[in-house]
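Enquirer: My structure is below; once you've seen it, I'll send some questions.
The values are calculated or read from the model by the stated rules, or taken from the named source; none is laboratory data. Keep in mind it's a predicted model, so treat the numbers as computed, not measured. Glycine gets a Cβ as well: all are built from the backbone with ideal geometry, and neighbour counts include every protein chain shown. All accessible areas refer to the heavy atoms of the entire protein, side chains included, with ligands and DNA or RNA removed. Shrake-Rupley method; radii C 1.70, N 1.55, O 1.52, S 1.80 Å.
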Amino acid sequence: MTQPGLRERKKAATRATLSRTAWSMMLEQGLDAVTPESVSAAADMAPRTFRYHFRNREEAILDELAQQHLTLADQIRARPAQEPTWDCLLAVLPPAVAQMCGDRTVFATLMRVISDNPAMLAQNLVVLEHSRLSLARAIGERTSTEVHAATFANLLAGAAVTAISTSVAHWAQSTTDTDLADLLTDCLTQLRRGLP
């Protein structure tokens, strides 16, 4: 795998800075405070830089989370090739998603903003769909010799993303004392056994 060049690394760093700034502003000042101009000013960049990287504030706020979602596929690819796919998902997803979500109180704020704002909800669905597609590709690479591998990969990736969003929602809403990694492990295990 080739490493990105200097230009690509600089673009990624700029994008990450803008996303973190938008995320922080949303947490500290509320969604209405997040505009291309306010984020750019706080990041000491020009508004055109924001608009070069992002179509809107929702994309900027959720971009770092989106990038972390995409690393899940890379972690699956890094697992031993002979490892059964379900075992691979159970080994990778619970700890990775728990680390991705971080502090429960902070993530609960994001979940409330998403549920209260249609544009944020739409962007979150985009993040989850991109995550599903990247997981499906990684799963497909592991199961390429199996009959109906593409259907299996897409179905399993969709189930995994549903398990992630379900467990994160329960955890963020404080409806359980179980930690996120254990919640996701339980969701995946139930799916593996087959829901009654």
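Enquirer: Any residue in region 25-38 that's more than 15 Å from SER115 (Cα to Cα): show its pairings with residues that are of a type in the set (Phe, Trp, Tyr) at Cβ separation under 7 Å, as long as the two are six or more apart or on different chains.
Expert: Once the first residue is more than 15 Å from SER115 (Cα to Cα) and sits in region 25-38, its partners that are of a type in the set (Phe, Trp, Tyr) give PRO36/PHE50.
Enquirer: Of everything in region 101-116, what is open to solvent by less than 30 Å² (accessible area, probe 1.4 Å) and out of contact with any Phe, Trp or Tyr (no Cβ under 9 Å at 6 or more places or on another chain)? Give them in sequence order.
Expert: First, pick out the residues of region 101-116 that are open to solvent by less than 30 Å² (accessible area, probe 1.4 Å): 101, 107-108, 110, 113-114.
Result: VAL113, ILE114.
Enquirer: Sticking with this structure for a sec: Just one of (1) more than 22 Å from the chain's Cα centre (by Cα); (2) at pLDDT below 95; (3) surrounded by 11 or more Cβ atoms within 10 Å (Cβ to Cβ); (4) aliphatic (A, V, I, L, M) trips up ALA42, so point out which.
Expert: Looking at each condition in turn, ALA42 falls short on (2).
Enquirer: Among the residues of region 79-100, what is the count of those that are acidic (Asp, Glu) and open to solvent by less than 40 Å² (accessible area, probe 1.4 Å)? Steps first, please.
Expert: To start, the set of residues in region 79-100 that are acidic (Asp, Glu) comprises 83, 87.
Adding the requirement that they be open to solvent by less than 40 Å² (accessible area, probe 1.4 Å) leaves 83.
So the answer is 1.
Enquirer: Would you list the helices (runs of 4 or more DSSP H) that sit entirely within region 1-90 and hold 1 or more residues that are aliphatic (A, V, I, L, M) and out of contact with any His (no Cβ under 9 Å at 6 or more places or on another chain)? Even if it seems obvious, please write down each step before you answer.
Expert: Numbers: elements: 6-29, 36-42, 47-53, 57-77.
Because the criterion is at least 1 residues that are aliphatic (A, V, I, L, M) and out of contact with any His (no Cβ under 9 Å at 6 or more places or on another chain), the helices (runs of 4 or more DSSP H) in region 1-90 that meet it are 6-29, 36-42, 57-77.
Enquirer: Out of all the residues in region 161-172, is one or more surrounded by 13 or more Cβ atoms within 10 Å (Cβ to Cβ) and not in a helix (DSSP H, G or I)?
Expert: Here is the first cut: in region 161-172, the residues surrounded by 13 or more Cβ atoms within 10 Å (Cβ to Cβ) are 161-172.
Next cut, not in a helix (DSSP H, G or I) only: none.
No, region 161-172 contains no residue that is surrounded by 13 or more Cβ atoms within 10 Å (Cβ to Cβ) and not in a helix (DSSP H, G or I).
Enquirer: Same structure, new question: When you scan region 74-97, how many residues do you find that are touching a residue at least 12 places away in the same chain (Cβ under 8 Å) and either touching a Phe, Trp or Tyr at 6+ places or on another chain (Cβ under 9 Å) or charged (D, E, K, R) (or both)?
Expert: Of all residues in region 74-97, those touching a residue at least 12 places away in the same chain (Cβ under 8 Å) come to 74-77, 79, 81, 85-86, 88-97.
Narrowing the set further to residues that are either touching a Phe, Trp or Tyr at 6+ places or on another chain (Cβ under 9 Å) or charged (D, E, K, R) (or both) leaves 74, 77, 79, 85.
Summing the residues that are touching a residue at least 12 places away in the same chain (Cβ under 8 Å) and either touching a Phe, Trp or Tyr at 6+ places or on another chain (Cβ under 9 Å) or charged (D, E, K, R) (or both) in region 74-97 gives 4.
Enquirer: Then there's this: Confirm whether LEU183 is surrounded by 16 or more Cβ atoms within 10 Å (Cβ to Cβ), hydrophobic (A, V, I, L, M, F, W, C) and over 15 Å from the mean Cα position of the chain (by Cα).
Expert: Numbers: surrounded by 16 or more Cβ atoms within 10 Å (Cβ to Cβ): yes; hydrophobic (A, V, I, L, M, F, W, C): yes; over 15 Å from the mean Cα position of the chain (by Cα): yes.
Against the criterion (surrounded by 16 or more Cβ atoms within 10 Å (Cβ to Cβ), hydrophobic (A, V, I, L, M, F, W, C) and over 15 Å from the mean Cα position of the chain (by Cα)), LEU183 qualifies.
Enquirer: Sticking with this structure for a sec: If you take the residues in region 8-21 that are touching a residue at least 40 places away in the same chain (Cβ under 8 Å) and of a type in the set (Gly, Ala, Ser), which one is most open to solvent (accessible area, probe 1.4 Å)?
Expert: From region 8-21, those touching a residue at least 40 places away in the same chain (Cβ under 8 Å) are 11, 15-16, 18-20; that's our starting set.
Checking the rest, the ones that are also of a type in the set (Gly, Ala, Ser) come to 16, 19.
Details: ALA16: 25, SER19: 1 Å².
Per the criteria, the residue is ALA16.
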